[in-house]
Amino acid sequence: MGDRFELQKLLSLYYSKEEVIYVSSLLISWSGSSEEAFSWLNEPIPAFGNMTAIEACEKGLSEHILTYLKQIENGSFA
């Protein structure tokens, strides 16, 4: 796994088309590649009790992950 299409396909399970574009673009710009974006989605996030972003989305918390990403983008601490 590692291309932008695969990343967007995964994100489409949890987000609208517009949100998929936003999240995938943001993660790729931060991490440098689709492959690294996949890695981030599977790393524990302390703010979510060490759940990964994918685990949080699977538990119905996709909007919380989206808010988290927007806060980081706007300069808040992760």
Taking Ser34, is it among the small types (Gly, Ala, Ser), in contact with an Asp or Glu (Cβ under 9 Å, 6 or more places away or on another chain), surrounded by 14 or more Cβ atoms within 10 Å (Cβ to Cβ) and more than 23 Å from Asn74 (Cβ to Cβ)?
yes
Filtering region 29-64 down to residues that are more than 13 Å from Leu11 (Cα to Cα), of a type in the set (A, V, I, L, M, F, W, C) and in contact (Cβ under 8 Å) with a residue 24 or more places away in the chain yields Ile45, Ala47
Would you confirm, using the coordinates I've provided, whether Glu19 is in contact (Cβ under 8 Å) with a residue 40 or more places away in the chain, of a type in the set (D, E, K, R) and part of a helix (DSSP H, G or I)?
yes
Filter region 52-78 down to residues that are over 10 Å from the mean Cα position of the chain (by Cα), surrounded by 13 or more Cβ atoms within 10 Å (Cβ to Cβ) and assigned to a loop (DSSP other than H, G, I, E, B), then give me how many there are.
1
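Here, each number is a calculation from the coordinates, and none is a lab measurement. Values in this document were obtained by computation on a predicted structure and should not be read as measured data. Positions of Cβ are generated from backbone atoms using ideal geometry, with glycine treated the same way; all protein chains shown enter the neighbour counts.
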